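See below for the structure under consideration.
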Amino acid sequence: DTGVSQNPRHKITKRGQNVTFRCDPISEHNRLYWYRQTLGQGPEFLTYFQNEAQLEKSRLLSDRFSAERPKGSFSTLEIQRTEQGDSAMYLCASSSRQGAYGYTFGSGTRLTVV
Amino acid sequence: AQSVTQLGSHVSVSEGALVLLRCNYSSSVPPYLFWYVQYPNQGLQLLLKYTSAATLVKGINGFEAEFKKSETSFHLTKPSAHMSDAAEYFCAVRLIQGAQKLVFGQGTRLTINP
């Protein structure tokens, strides 16, 4: 068990480009969450998967954002036509048993849109 | 709706002094509560969690928190601050319904003075 892994750690992209981030959760965790954190703020919920099913999406998740979790394993978060306002830290977390043992976070992907 | 409020966006203490970070929650049902720590450009690390067992919860790095239902509080304390405690601290409540996602406070930045 190596924890939750996120790649890449840093991404710099030009406005209008598409970017994709990957999250590998703890293998036995069936729940996976994506959060966004801007400077000086707490993480904000974006979306949630239970196994391969995406069960909840925040209103923060515009139609430029899409997330997948094929086969209930790793997950990807894609942002199309990036905007400067998308610059943030994107955090992934996983849990099991309804979070009774806590939610384990990855180190995050820091996106900078220039 | 369940939420948390962290009082004080910035707390500064001297090395060796008591650390007290305040968190109040709002919940109509017994909540699950968490404290996470975040070092610069890192993800979130779980310090401790309250899941309706003992009201005094001990965590890592000498931190502890006490759940007080009458005060709707879950303040984080450490008897003696160390320079390595300098970081951002987040209180979070787990929603009971739906995705059971974590809802975070705005965070408190802890500075340790030598």
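Could you compute how fast chain A diffuses translationally, taking Rh as the Kirkwood radius over C-alpha pairs and applying Stokes-Einstein at 4 °C with viscosity 1.567 mPa s? Give it in µm² per second. Walk me through the numbers before you get to the answer.
Numbers: Rh = 14.0 Å.
The Stokes-Einstein estimate is 92 µm²/s.
Think of chain A as a dipole: +1 on every Lys or Arg Cβ, -1 on every Asp or Glu Cβ, centred on the Cα centre; then among A:S5, A:L111, A:S73, A:L111 lies furthest on the positive end. Taking both sides together, the accessible area buried where B meets A is about 1800 Å² for a 1.4 Å probe.
Ligands, DNA and RNA left out, the 1.4 Å accessible surface of the stretch A:1-91 is 43% carbon and sulfur atoms.
Express the accessible area of chain A per residue in Å², computed with a 1.4 Å probe while the remaining protein chains stay in the model. Could you put the intermediate results ahead of the total?
Details: 5710 Å² over 114 residues.
Here the per-residue accessible area is 50 Å².
Out of every Cα-Cα pair that the stretch B:57-114 contains, those further apart than 18 angstrom amount to 47 percent. On the beta carbon distance between A:K71 and A:R9, with R0 = 25 Å, the FRET formula returns roughly 0.55. If both residues of a DSSP beta bridge must be in chain A, then about 90% of such bridges are antiparallel.
Accessible area per residue for chain B, computed on protein heavy atoms with a 1.4 Å probe, is 47 Å².
Close Lys pairs in the protein assembly as shown, defined as Cα atoms under 14 Å apart and 8 or more places apart or on different chains, number 4. Between the listed residues B:N41, B:F63, B:P31, the Cα displaced farthest toward the positive end of the dipole of the stretch B:9-90, a dipole computed from Cβ unit charges relative to the Cα centre, is found at B:P31. Accessible surface of chain B, 1.4 Å probe: 52 percent of it comes from carbon and sulfur atoms.
Placing +1 on each Lys and Arg Cβ and -1 on each Asp and Glu Cβ, with no other charges, gives the protein assembly as shown a dipole about its Cα centre of roughly 320 debye. Over every Cα atom in the protein assembly as shown, the radius of gyration and the widest Cα-Cα span, Dmax, amount to 17.6, 51 Å. Annotation: amide H of A:T112 within the under-5 Å range of A:K11, A:I12, A:T13, sequence separation 5 or more or interchain, hydrogens built in the peptide plane. Less than 5 angstrom separates the built amide H of A:N30 from those of A:S95, A:R97, all sequence-distant by 5 or more or on a different chain. The string of couplings for the stretch B:70-79 from the Karplus curve (6.51, -1.76, 1.60, θ = phi - 60°) is 5, 9, 6, 10, 8, 6, 9, 9, 8, x Hz, one whole number per residue in order, with x for Gly and Pro.
Against the empirical 2.2 N^0.38 Å (N residues), the stretch B:1-111 has a Cα radius of gyration ratio of 1.01. Exposed loop sites here are trypsin sites (Lys or Arg not before Pro) assigned a DSSP state other than H, G, I, E or B and surrounded by at most 16 other beta carbons within 10 Å; excluding them, the longest clear run of chain A is A:16-58.
The values are calculated or read from the model by the stated rules, or taken from the named source; none is laboratory data. In this text the structure is predicted, and so the values were computed from the model without any measurement. Cβ atoms come from the backbone with ideal geometry, glycine included; neighbour counts cover every protein chain shown. Just the protein is used for accessible areas: all its heavy atoms, side chains included, with ligands, DNA and RNA removed. Shrake-Rupley method; radii C 1.70, N 1.55, O 1.52, S 1.80 Å.
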